[in-house]
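Enquirer: Please read through the structure below; I'll follow up with questions.
The values are calculated or read from the model by the stated rules, or taken from the named source; none is laboratory data. Predicted, not measured: the structure shown is a model, and the values here were computed from it. For neighbour counting, all protein chains shown are included, and Cβ atoms are generated from backbone atoms with ideal geometry for every residue, glycine included. Quick note on the areas: whole protein, heavy atoms, side chains included, nothing else; ligands and nucleic acids left out. Shrake-Rupley method; radii C 1.70, N 1.55, O 1.52, S 1.80 Å.
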Amino acid sequence: MKKKKKRNWKNALPIYCMMLPGIIYLLVNNYAPMFGLVIAFKKINWNKGILGSDWAGFSNFKYLFASSEAWNMTKNTVLYNLVFIVAGSITVAILLNEITSKFSSRLYQTLILLPYMISWVIVSYLVFAFLSAETGMVNQGILAPLGKEAIVWYQDKKYWPFLLVFSYLWKSVGFSMVIYLASIVGISREYYEAARIDGAGKWKQITYITLPLLKSTVITLVIMNIGSIFYSDFGLFYQVPRNSGALYDVTQTIDTYVYNALMQQGNISLSSAAGFYQSVVGFVLVVAANAIVRKYSKESALF
C-alpha cells in the first residue's frame, strides 16, 4: 500500500511541478493584493502606515453613495453592462461557421478579431478622428458637403449611449465570437447531415441544433458577465469620451467616478471601498445567477 502511494506521488510530481508557476501567479496576483481590502475601512495616513492608520468603519462607503451622482453612475454601469451581455457574438459566430472557403473564413476571423488587439487609447484617437468638431471626418467629410451644421460631439450627450455601445461591440465582439465559434465547430457534423436528410434548411438547423447545443456555453458566459456587471471597462468610458464633463450623465460609471475622485482628492480609501463593494456585489450576483440556473438545469450550472 505504501509502495503504491509512493509510486502515485512520483507519477504526480511532474504534474504538480507544471502547476507550480500557475499557482504562484494566482497567489501573488489574485490573493496577496486582498490584504489591501483593509484600506477600505481605514482613514489612510501614510505617516502611520496602512495598519497603523485610524479605522474609519463604513464612512468610506457612505461617502461613495452620498454623492448626488451615485444613482446615475450606478445606473449607467448596470445598464451598459446589460446591453453588452445581451448584444453577444452568437450571430457573428454562426455566420462565420457557414463560410465554406477556408481562406475567406480565416480572413474574416482575423479582421473581426483585430480590433480586440488594439488598446482603448488607440480606439479613442480613432473615434476622435471621426468626431472632432474641427477636423473630424463626420463633420468635414459628411455633414459639411451636405450643408449640415457641424455637431460638437464631445459636448452633446444624446449621441453617446449609441457611440459607446458601438465602440464596445466593434472592439470586443471578436473575442467572444471566437469562444462561440469554437463551441460550434465542436458540434458533430452528423447532426446537420441527419437534419439535411430530413429536409431541414439552414434556419431550422440553427434553431434546433446549433442554438440548443450552445446553451451551456451561453449560460457560462452570461453568469461570468453578470459577476462583473458592477464593473465597467475603464478605457471605454474614460478614454473614448475623453473624460468630457459635459458627457458625465451618460458616460460616468463607478470606475470613472472613483478615478476622478482619487485624482482630485487623493483619497485611496474611497477607491478601495468602491473596489470592495463591486467585488462583493459581483460575488453575490454570480452565486444568485448560478442558483437560478441550477434550479432549472443542474447540468448547466457552474457549481
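Enquirer: Using the structure shown, decide if Gln140 is surrounded by fewer than 16 Cβ atoms within 10 Å (Cβ to Cβ), touching a Ser or Thr at 6+ places or on another chain (Cβ under 8 Å) and not aliphatic (A, V, I, L, M).
Expert: Numbers: surrounded by fewer than 16 Cβ atoms within 10 Å (Cβ to Cβ): yes; touching a Ser or Thr at 6+ places or on another chain (Cβ under 8 Å): no; not aliphatic (A, V, I, L, M): yes.
Here the answer is no, as Gln140 does not meet what is asked.
Enquirer: Now for a separate question. Every residue in segment 1-33 that is closer than 26 Å to Tyr277 by Cβ and either exposed (fewer than 10 other Cβ atoms within 10 Å of the Cβ) or modelled with pLDDT under 85 (or both), please.
Expert: Asn29, Asn30, Tyr31, Pro33
Enquirer: Would it be correct to say that Ile99 is of a type in the set (A, V, I, L, M, F, W, C) and under 29 Å from the mean Cα position of the chain (by Cα)?
Expert: On the way: of a type in the set (A, V, I, L, M, F, W, C): yes; under 29 Å from the mean Cα position of the chain (by Cα): yes.
Answer is yes for this residue.
Enquirer: May I pose another question? Determine, yes or no, whether Leu96 is surrounded by 12 or more Cβ atoms within 10 Å (Cβ to Cβ) and touching a Leu at 6+ places or on another chain (Cβ under 9 Å).
Expert: Working: surrounded by 12 or more Cβ atoms within 10 Å (Cβ to Cβ): yes; touching a Leu at 6+ places or on another chain (Cβ under 9 Å): yes.
Spelling it out, Leu96 is indeed surrounded by 12 or more Cβ atoms within 10 Å (Cβ to Cβ) and touching a Leu at 6+ places or on another chain (Cβ under 9 Å).
Enquirer: On to the next question. Could you list, in sequence order, all residues of segment 102-131 that are open to solvent by less than 60 Å² (accessible area, probe 1.4 Å) and over 27 Å from the mean Cα position of the chain (by Cα)?
Expert: Passing the criteria: only Ser104.
Enquirer: Which residue out of Val178, Val123 is in contact with a Pro (Cβ under 9 Å, 6 or more places away or on another chain) and touching a residue at least 60 places away in the same chain (Cβ under 8 Å)? Before you say what the answer is, go through the steps one by one.
Expert: Working: Val178 fails: in contact with a Pro (Cβ under 9 Å, 6 or more places away or on another chain).
Selected residue: Val123, the only one of Val178, Val123 that is in contact with a Pro (Cβ under 9 Å, 6 or more places away or on another chain) and touching a residue at least 60 places away in the same chain (Cβ under 8 Å).
Enquirer: Might you let me know whether segment 261-279 holds any residue that is touching an Asp or Glu at 6+ places or on another chain (Cβ under 7 Å), on the phi < 0 side of the Ramachandran plot and either not small (Gly, Ala, Ser) or not in a helix (DSSP H, G or I) (or both)? Can you show your working first?
Expert: Keep residues of segment 261-279 that are touching an Asp or Glu at 6+ places or on another chain (Cβ under 7 Å), which gives none.
Looking through segment 261-279, none of the residues is touching an Asp or Glu at 6+ places or on another chain (Cβ under 7 Å), on the phi < 0 side of the Ramachandran plot and either not small (Gly, Ala, Ser) or not in a helix (DSSP H, G or I) (or both).
Enquirer: State the number of residues belonging to segment 93-120 that are in contact (Cβ under 8 Å) with a residue 60 or more places away in the chain and not acidic (Asp, Glu). Even if it seems obvious, please write down each step before you answer.
Expert: Narrowing segment 93-120 to residues in contact (Cβ under 8 Å) with a residue 60 or more places away in the chain: 93-94, 96-98, 109, 112-114, 119-120.
The next check asks that each one be not acidic (Asp, Glu); those that pass are 93-94, 96-97, 109, 112-114, 119-120.
So the count comes out to 10.
Enquirer: Another one. Check whether at least one residue in segment 283-298 is of a type in the set (D, E, K, R), out of contact with any His (no Cβ under 6 Å at 6 or more places or on another chain) and modelled with pLDDT under 80, and report yes or no.
Expert: Taking segment 283-298 and keeping what is of a type in the set (D, E, K, R), we get 294-295, 298.
Cutting the leftovers down to out of contact with any His (no Cβ under 6 Å at 6 or more places or on another chain) gives us 294-295, 298.
Still in the running and modelled with pLDDT under 80: 298.
Within segment 283-298, one or more residues are of a type in the set (D, E, K, R), out of contact with any His (no Cβ under 6 Å at 6 or more places or on another chain) and modelled with pLDDT under 80.
To keep it simple, each residue is scored yes or no on (1) among the charged types (D, E, K, R); (2) surrounded by fewer than 17 Cβ atoms within 10 Å (Cβ to Cβ); (3) not in a helix (DSSP H, G or I).
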| position | (1), (2), (3) |
| --- | --- |
| Val173 | no, no, no |
| Ser176 | no, no, no |
| Ile184 | no, no, no |
| Ala194 | no, yes, no |
| Lys204 | yes, yes, no |
| Leu211 | no, yes, no |
| Met224 | no, yes, no |
| Tyr231 | no, no, yes |
| Thr256 | no, no, no |
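Enquirer: Kindly establish whether Tyr168 is in contact (Cβ under 8 Å) with a residue 60 or more places away in the chain, part of a helix (DSSP H, G or I), at negative phi and in contact with an Asp or Glu (Cβ under 8 Å, 6 or more places away or on another chain). Show your work before the answer.
Expert: Working: in contact (Cβ under 8 Å) with a residue 60 or more places away in the chain: yes; part of a helix (DSSP H, G or I): yes; at negative phi: yes; in contact with an Asp or Glu (Cβ under 8 Å, 6 or more places away or on another chain): yes.
Considered against the rule, which asks whether it is in contact (Cβ under 8 Å) with a residue 60 or more places away in the chain, part of a helix (DSSP H, G or I), at negative phi and in contact with an Asp or Glu (Cβ under 8 Å, 6 or more places away or on another chain), Tyr168 comes out as yes.
Enquirer: While we're on this one: Looking only at segment 36-75, which residues are under 25 Å from the mean Cα position of the chain (by Cα) and either open to solvent by 80 Å² or more (accessible area, probe 1.4 Å) or touching a residue at least 40 places away in the same chain (Cβ under 8 Å) (or both)? Can you show your working first?
Expert: Here is the first cut: in segment 36-75, the ones under 25 Å from the mean Cα position of the chain (by Cα) are 36-37, 40, 61, 64-65, 69-75.
Across segment 36-75, the qualifying residues are Gly36, Leu37, Ala40, Phe61, Leu64, Phe65, Glu69, Trp71, Asn72, Met73, Thr74.
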